[in-house]
Amino acid sequence: MTMSTDGGSDRIFALQEEVQQLKEAVVSHAVVDQAIGMVVVLGRISPDQGWAVLKEVSQHTNIKLRSVAELILVWGRTGVMPEEIRSALEDALDRAGPTQIPGSPPEA
């Protein structure tokens, strides 16, 4: 009796690919959660509002949400944030509850 291997290697490959995607999703989720936490503290807003702010910044700048989250985390470590993200974040936080991002120029 011979065992059919048709599709066996395809199934293994598909499962390996799915595991890799799940690993990436877990890492991405952690990055986004950390950025939401920073936005929550910065804007003194709820986590739901922090999520909404992050989505708004992503949509306004046309930058993937995970990339926006990564840039916010980099800013937390270095104090450096691209002006496009800084401006969109300030605008979104103003709509969620007025605040100013530390290190940004004072309003006139």
Given (1) open to solvent by 50 Å² or more (accessible area, probe 1.4 Å); (2) among the β-branched types (Val, Ile, Thr); (3) part of a helix (DSSP H, G or I), Val80 misses just (3)
Considering each residue of the range 53-69, count those that are open to solvent by less than 70 Å² (accessible area, probe 1.4 Å), assigned to a helix (DSSP H, G or I) and either among the basic types (Lys, Arg) or out of contact with any Asp or Glu (no Cβ under 7 Å at 6 or more places or on another chain) (or both), and give that number.
9
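The values are calculated or read from the model by the stated rules, or taken from the named source; none is laboratory data. Only a predicted model underlies this, so the values are computations on that prediction, with no experimental measurement involved. For neighbour counting, all protein chains shown are included, and Cβ atoms are generated from backbone atoms with ideal geometry for every residue, glycine included. The area values use the complete protein model at the heavy-atom level, side chains included, leaving out ligands, DNA and RNA. Shrake-Rupley method; radii C 1.70, N 1.55, O 1.52, S 1.80 Å.
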